[in-house]
């Protein structure tokens, strides 16, 4: 029964036209099961669930950041910053002149911004949208690039919250006496076996370079080019670039502040919230100094952008709720119980990869999957005399893959939001590419399992 709510959410999200309906239905069914099929306790649990979420500071900050990023993006567009960037890169310095070039800036942004997966998707999406519209590249393909670089890069260059979480989980295994050594050394070894992240980046680059559209991506919605005003009013690229610098720099600064000088221990949700708040303030001062827009225009455009993100914020809240229900129903532990002590050590890493992917797909969280699976994978590897670092790498890879594909994942939702693509279309169109990367990764885990065992 525990698998029913996430299964319904995923099924309805994939085959219906409404993520809201899918998530609401899954939440209702999940609470109904938890309440032992009693109607009144079900509604009480629903109230307590959402009251509890809205009482959590990190949830409020996350929802606020979704709203504020809409305001920032609207201001950048209305100021002429987007037009200026397009003119700079396609006319004055013609670096972007084709469909291939339209996605390269977003891919590069995804590689170099590794502090937080959400900010990676946001910046990559903001950079790529005008070029994709100009050169006839679908927003769905841009969303695929944003999603395929954000989490994979953050899980490879783990000088961020990802690294902090993983080192904490590894430290728990060291404290339990299962393994010996330093957390950082184990993490570096595990990242070396994070096959899915590496393969996903390679597949993404090949897809961009050779303009490969497979499956539903062939029929993805194309936006009508709207560049006439860009030619007439070129704007300034600085109106785009400075808010991006403040946003990225703000995340770094606030990660250091919240981590007491340690970037790894900083709070991602808090850092993004304050980074976006400070970006709005700095953007207001800069735009007024440059006389780009009046006070009333700044407020009007900000509110327009914020309103456009309300549906996304609502989806995020529902996704958090279904994640909590999955946790209460112990979906991860239930799936993990399928791994037995009699599993051949050569196939352990491949099995852990698949199970981690299923858990992440069903729950919509890679971090939650790490928290569930690392304490299971390490004792299994030790007990079966299998390579522990390979098992850790399989957990990381499986968590990133499952989260990457899940329509109820916050990274999926944010990548779609950043690209201006619907969550349903993004989920459908990127799935074939993710499955290709996963298939190659699974084969590598099997091969390495035989080599190292």
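Odds and ends about this structure:
- Dividing the mean sequence gap of close Cα pairs (under 8 Å, 6+ apart) by how many residues segment 369-431 holds gives a relative contact order of 23 percent.
- Once the Cα atoms are used to define both axes, helix 139-156 deviates from the longest principal axis of the chain by about 50 degrees.
- Relative to its Kirkwood radius, the Cα radius of gyration of segment 252-297 gives an Rg/Rh of 1.21.
- Separation of the residue 241 and residue 210 label points, Cα + 7 Å toward Cβ, nm: 3.5 nm
- Between 0 and 90°, nearest 10: helix 57-79 axis offset from the chain longest Cα axis: 30 degrees
- Overall Cα dimensions of segment 31-183 - principal axes, largest extent first, Å: 62, 50, 24
- Calculated on the Cα set of the chain, radius of gyration then Dmax: 22.1, 71 Å.
- Degrees between helix 268-289 axis and first principal axis of the chain (Cα, 0 to 90, nearest 10): 0 degrees
- Taking the fewest neighbouring Cβ atoms within 10 Å as the starting point, the ordered list for 294, 422 is 294, 422.
- Relative contact order of the chain, defined on C-alpha pairs under 8 angstrom at six or more residues apart (%): 25 percent
- Cβ-to-Cβ counts within 10 Å put 129, 100 in ascending order as 100, 129, the fewest first.
- Residue exposure sequence - 82, 292 - by fewest surrounding Cβ within 10 Å: 292, 82
Bear in mind these aren't lab numbers, they're just calculated from the coordinates by the rules spelled out. Model, not experiment: these values are computed from the prediction. All Cβ positions, even for glycine, are placed from backbone atoms using ideal geometry, and neighbour counts span all protein chains on display.
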